[in-house]
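Working notes, beginning with the structure itself.
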Amino acid sequence: MSDRTLRVFQHLLLVAGIVLLAASALALMDRSVSSHLALRAFDQAQAARSAGEDSDTRPSQDDEDIDFSLWSDKRIRAYKESLATEKRLPWAVLGISKLRLRVPVFDGTDDLVLNRGVGWIEGTARPGDAGNIGLAGHRDGFFRGLRGIVVGDAIELQTLEERTTYVVDQIQIVSPEQVEVLEPRGSPSLTLVTCYPFAFVGRAPQRFVVRARQVKAPEVPVVAQARAGLSPPVLMAAGR
């Protein structure tokens, strides 16, 4: 390789590096601006419902920042593109305070849904049913933080009608064919699914599964409530 060709190649690499750094910097700067439109729409709909107004209103300005620090650049770009093309109101919001996660829940698990939130797995239960609610998310997006979850952590699922609390009682790593993890468990439960390993390059070969059982707030262990930022139960406190 001649010196001239080498210099041209080095310049191209430099330009490519600058472009990538600029894209990453813009993504981080933009995280407050591109914060969760769907969450704001849900909050506004919930406020309107509480006030007895029509829930089909515009989003409020109550902002919820998204922490993109663990996301891949590809997933950040896909999320931002999805905001411009998809405006559906989520039917629920999933919250894990320990992980600083608050994410909208939409029907389906296609790329558009999973780029802007987490998706309800078709065929599983809905809130209020006695079965097992299945939710899927990207391992390099909203569900990246699941690598820090442990048994005993609290999870909340809020619809426009009610807020339900779950406590993690099992964490599994399974093959994609092991769909039995989504089967009903005999009592209301919640199952979160994402690809695994979290740092795998390419199509991940396994699934990371978090299983949780529904509980009333006073049933949540004190340790789990502290992890999730919930208030510990007090004498004569009303159940949630």
Query raised in the report: So how much slack lies between Ala47 and Val151, counting 0.36 nm per residue of separation and subtracting their Cα-Cα distance, in nm?
Result: 34.1 nm
Report task. Please list the radius of gyration and Dmax for the stretch 69-228, considering alpha-carbon atoms only, with Å as the unit. Result -> 14.9, 43
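Compute the length gained on full extension between Asp111 and Phe9: take 0.36 nm times their separation in residues and subtract their Cα-Cα distance, giving the result in nm to one decimal. Don't skip to the end; give the middle numbers.
On the way: separation 102, 0.36 × 102 = 36.72 nm, distance 3.54 nm.
Net length gain for the segment: 33.2 nm.
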**Report entry** Over the stretch 103-197 - Rg/Rh using Cα atoms and the Kirkwood inverse-distance radius
**Finding:** 0.92
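Here, each number is a calculation from the coordinates, and none is a lab measurement. Every value quoted in this text rests on a predicted model; they were computed, and no experiment measured them.
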